[in-house]
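The values are calculated or read from the model by the stated rules, or taken from the named source; none is laboratory data. Note that the structure is a prediction, hence the values are computed from the model and not measured. As a convention, Cβ positions derive from the backbone with ideal geometry for all residues, glycine included, and neighbour counts pool all protein chains shown. Quick note on the areas: whole protein, heavy atoms, side chains included, nothing else; ligands and nucleic acids left out. Shrake-Rupley method; radii C 1.70, N 1.55, O 1.52, S 1.80 Å.
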Amino acid sequence: MGGSLAPVRVAGFTWNGWQPSAVYAAGGSVRPGQSSKYLYNALLGEDAGVTQTFDFFNGATYDEKLTIVRESLVEAISQLEQEFGTDRATWLTPAAVHRFSTRNFLGVPQANQSEQLELPTYMNRGTQNHQVIFDDSGNTEMCTVAPPGQSGFVAQDGTKGPHYDDQLILFRDWGCKAEYLNPQGVDENKESEIQLEVSRVQ
């Protein structure tokens with residue numbers, strides 16, 4: 001990368017399937033972005049990145065499509081004002097809760113239902129987020145967050161492991177923890193070390 005370029009940031013949202021990781025929203029998410037994608041591809045027609053198998057605009061030209069979209073928007077706003085009033089600050093919808101299921105991505109129970117954790121607002125971000133930064137000096141940095149925590153361990157007496165839910169608030173606040181990508185970084189920041197010795201029978 002050229003020296004004049006800013007560091008490249010690569011962000012990822014992934015589903016990791018760890019307990020209790022699967023995310024379900026009460027009532028589902030509104031997800032307005034999904035409709036925008038459909039509309040955008042329909043506007044592009046044959047130039048869309050996704051092959052269009054149905055002509056939502058019934059043969060209209062591009063300018064005619066834009067007119068249809070504008071008129072539809074005005075009509076939708078008019079209907080909403082009739083139903084909810086002209087103060088758009090009061091146009092509210094119930095918030096979907098972000099729940100971390102006690103079942104894995106195959107639907108197999110991995111914890112007691114009482115261990116289901118949740119956040120007040122559905123975030124539609126998968127169950128692991130990560131950011132990788134490559135700078136023009138060849139350095140690489142990475143940070144991740146995997147809520148609720150790295151471990152779902154609960155002892156027989158009910159004591160939860162130290163990493164049971166220690167990434168829940170980090171995820172809620174859009175933060176992430178540093179990941180160390182070389183031996184020096186790992187050694188300087190490790191929490192503990194276990195060395196395994198294998199005794200071979202002659």
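Things to note:
- Checking each residue in the range 69-115 for being loosely packed, with under 10 Cβ neighbours inside 10 Å and on the phi > 0 side of the Ramachandran plot picks out only Gly107.
- Of the residues Gly126, Gly149, the single one that is within 30 Å of Gly185 (Cβ to Cβ), surrounded by 12 or more Cβ atoms within 10 Å (Cβ to Cβ) and either more than 19 Å from the chain's Cα centre (by Cα) or without any contact (Cβ under 8 Å) to a residue 40 or more places away in the chain (or both) is Gly149.
- Selection status of Ser137, without any contact (Cβ under 8 Å) to a residue 24 or more places away in the chain and open to solvent by less than 60 Å² (accessible area, probe 1.4 Å): no
- Subset tally (residues that are over 12 Å from Cys143 (Cβ atoms) and either surrounded by 13 or more Cβ atoms within 10 Å (Cβ to Cβ) or of a type outside the set (S, T, N, Q) (or both)) for the range 172-197: 13
- Ala155 vs. criteria out of contact with any strand residue (DSSP E or B) (no Cβ under 8 Å at 6 or more places or on another chain) and open to solvent by less than 40 Å² (accessible area, probe 1.4 Å): yes
- When we screen Gly152, Gly138, Gly175 for residues that are of a type outside the set (Lys, Arg) and under 23 Å from Asn112 (Cα atoms), the only hit is Gly152.
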